[in-house]
1. Under 8 Å between Cβ atoms, at least 6 apart or on separate chains: pull out the pairs that start in segment 119-131 with a residue that is at negative phi and of a type in the set (Asp, Glu) and end on any residue that is surrounded by 15 or more Cβ atoms within 10 Å (Cβ to Cβ) and at pLDDT 85 or above.
2. For segment 22-49, name all the residues that are free of Cβ contacts under 8 Å to residues at least 40 places away in the same chain, closer than 28 Å to Leu93 by Cα, surrounded by 12 or more Cβ atoms within 10 Å (Cβ to Cβ) and not hydroxyl-bearing (Ser, Thr, Tyr).
3. Would you tally the residues in segment 64-114 being of a type outside the set (A, V, I, L, M, F, W, C) and touching a residue at least 12 places away in the same chain (Cβ under 8 Å)?
4. Take the residues of segment 90-135 that are polar (S, T, N, Q) and at pLDDT below 90: which is surrounded by the most Cβ atoms within 10 Å (Cβ to Cβ)?
5. Give the residues of segment 53-78 that are among the charged types (D, E, K, R) and surrounded by 13 or more Cβ atoms within 10 Å (Cβ to Cβ), sorted by residue number.
6. How many residues, within segment 87-112, are more than 15 Å from Glu60 (Cβ to Cβ) and small (Gly, Ala, Ser)?
Amino acid sequence: MSFTYEWFRFERLMVAARCLGAAERLVAEMTALAKDRVVQGQPIMAFGAVQAMLADSLTELFAAPSLIYQTARGIDAGIDVKVQHAQCSMAKLYAVEMAIRVADRAVQVFGGRGYMREYATGRFYRELGAGSQGWTSELRARMEVTSAESPAAADSWPCRPCKLAGARKSVKASRPAAL
């Protein structure tokens with residue numbers, strides 16, 4: 001049974017890493033097209049809306065590896081298993097949703113061509129959006145963050161909201177059951 005739980009942790013981390021790779025490819029494709037495509041005598045890279053989409057995508061792409069690598073370092077360091085589950089879920093949630101947002105922006109930069117199967121943007125847009133967001137977003141509602149019941153586990157949470165979520169779980173557990 002512990003193998004199954006371990007598998008979930010690593011699979012979530014692998015999904016996050018795959019989404020990171022997809023987002024990197026999309027940003028590269030978006031940047032190349034924005035430099036090469038000329039509209040009204042200038043590359044579309046000069047337009048503010050395209051610059052904003054690239055900046056947002058690069059910012060999210062900068063943040064995602066930090067979360068994924070920190071999670072992997074925690075696993076290697078042997079932090080509490082419940083914390084590992086929570087952090088892997090958080091990394092997957094953020095990376096999947098980040099990749100979907102980057103894919104959406106890439107399709108917008110590509111215009112009508114962005115939906116075509118011949119372009120990476122169209123393929124990634126369909127693959128990332130199809131089914132991956134549904135139950136991943138459900139994790140936000142009942143993430144394993146709430147499963148940390150010991151004070152020692154709560155001290156290893158990366159941020160204050162995570163510690164509070166763990167505290168809410170222990171408060172709920174102490175309430176009498178409703179009739």
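1. Glu127/Ala22
2. Across segment 22-49, the qualifying residues are Glu24, Ala28.
3. Restricting attention to segment 64-114, the residues satisfying the condition of being of a type outside the set (A, V, I, L, M, F, W, C) are 65-66, 69-71, 73-74, 76, 78, 80, 82, 84-85, 87, 89, 92, 94, 97, 101, 104-105, 108, 111-114.
Narrowing further to those that are touching a residue at least 12 places away in the same chain (Cβ under 8 Å): 65, 70-71, 74, 80, 82, 84-85, 87, 89, 92, 94, 97, 101, 104-105, 108.
The number of residues fulfilling the criteria is 17.
4. Here is the first cut: in segment 90-135, the ones polar (S, T, N, Q) are 108, 121, 132-133.
The next check asks that each one be at pLDDT below 90; those that pass are 121, 132-133.
Values: Thr121: 27, Ser132: 18, Gln133: 15.
Across segment 90-135, the extreme among qualifying residues is Thr121.
5. Step one: filter segment 53-78 for residues among the charged types (D, E, K, R), giving 56, 60, 73, 76.
Asp56, Glu60 - these are the residues of segment 53-78 that are among the charged types (D, E, K, R) and surrounded by 13 or more Cβ atoms within 10 Å (Cβ to Cβ).
6. Within segment 87-112, residues that are more than 15 Å from Glu60 (Cβ to Cβ) and small (Gly, Ala, Ser) number 3.
The values are calculated or read from the model by the stated rules, or taken from the named source; none is laboratory data. For clarity, every value in this text was computed on a predicted model and none was experimentally measured. Cβ coordinates were reconstructed from backbone atoms using ideal geometry, including for glycine residues, and neighbour counts include every protein chain displayed.
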